[in-house]
Structures are given as C-alpha cells and as structure tokens.
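First up is the structure itself, then whatever we jot down about it.
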Amino acid sequence: MKVVIASDHGGYQLKEELKTFIAQLGHEVADYGAHTQDPVDYPDFAFLVAEAVAAGAADRGVMIDGIGAASAMVANKVPGIRAASCSDTFTAAMSRAHNDANVLTLGARVIGSGLAREIVRVWLAAEFEGGRHMRRVSKVLDFEARYLGSRR
C-alpha cells in the first residue's frame, strides 16, 4: 500500500519516526513535509495529504499536527476524503471498519510515539467492512456531492 505522510512543525519528530515505522510494516511511504521543525501552517500539509489520497496518488494518508483535530478539519474539506483524528486503537480500527477513513490524523502533543505506532499499525491493517456501513458512507458521499461539488 502507498501511504503519504506529512506534518506541521509540531508533528515533525513523530512524522520522522512514523514514516520509518510504516516502511518497516512493508508499505511504500511518501513524505510530503514538513522537512524541518521550522514553523509552518498545518493546513498546507493536511491539504497535500488529502489531495494526494483523493487523486489516487496514495492509498491512504497520515497527517500529524499538535492535536490532530485541526488537520482532520482541513483534510475533510477535500472531496473524497474521510479523515479521522484518532488517539486510541479502537477509534482507529473503527474509523476504517465502519467509516472507510482514508486519512488518519494524529496529535503529537496528545499521544506518545509508542501509542502512535500502534494506532498507525491498527489503522493500516484494518479493512472497511462494507455491508450496513456502506449505506452510511454513501450518505456521507451524497452530502459531500451536494455541498462540496464532489465528483461522486
């Protein structure tokens, strides 16, 4: 699986650790920045991750900022993206299994690196269950098409 990863300055150190970890899990990783700890704006990087996934340049995306929620807000503005901010493994698994999340956002100031690795491992391994959940995801896609002009 191809995974694109990015961060703002607050998530830089965790991104550096996670990109190595994701590669060790056997996935192809593309680092979209930030490439230093110099201050940058999280929307720029969350958008890059979301756009890459929406365009099919990556299968899934991971974005790390200080708390995770801000990047999820940005990513979810991109048609075709279902970003989930996760700070535990149950939420990570369910965001994939029930919501078909294709972007994971993490808060470097909320979770430690050990938990972050476990969340990423669980999230990348989880598959969308479809079935009754597909009906609900389809409703989300319909709302997206109505309000964001999605290409659905």
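Readers should treat all values here as calculations from the given coordinates under stated rules, not as data from a laboratory. Remember, predicted model here, so these are calculated numbers, not experimental data. Because the Cβ atoms are built from the backbone with ideal geometry, glycine has one as well, and the counts that use them run over all protein chains shown.
Taking a sphere under 12 Å around the Cβ of Asp8 and counting the other residues whose Cβ falls inside, with K and R at +1 and D and E at -1, yields a net charge of -2. Once the dipole of region 1-144 is set up with Lys and Arg at +1 and Asp and Glu at -1 on Cβ about the Cα centre, which of Val40, Asn102, Ser138 lies farthest towards its positive end? With unit charges placed on the Cβ atoms, the residue in question is Ser138. Among complete DSSP H helices in the chain, those whose alpha-carbon atoms stretch at least 15 Å along the helix's long axis and whose mean Kyte-Doolittle hydropathy reaches -0.5 are 42-54, 113-125. Multiplying the residue separation of Arg135 and Asp44 by 0.36 nm and subtracting their alpha-carbon distance yields 29.6 nm. Take 126-136, 13-23, 97-107 and order them by the average number of nearby Cβ atoms within 10 Å per residue, most first; the result is 97-107, 13-23, 126-136. The orientation-averaged projection of the convex hull spanning the C-alpha atoms of region 2-148 amounts to 7.7 square nanometres. Note on region 2-148: with charges restricted to the Cβ of Lys and Arg (+1) and Asp and Glu (-1), its dipole about the Cα centre is near 560 debye.
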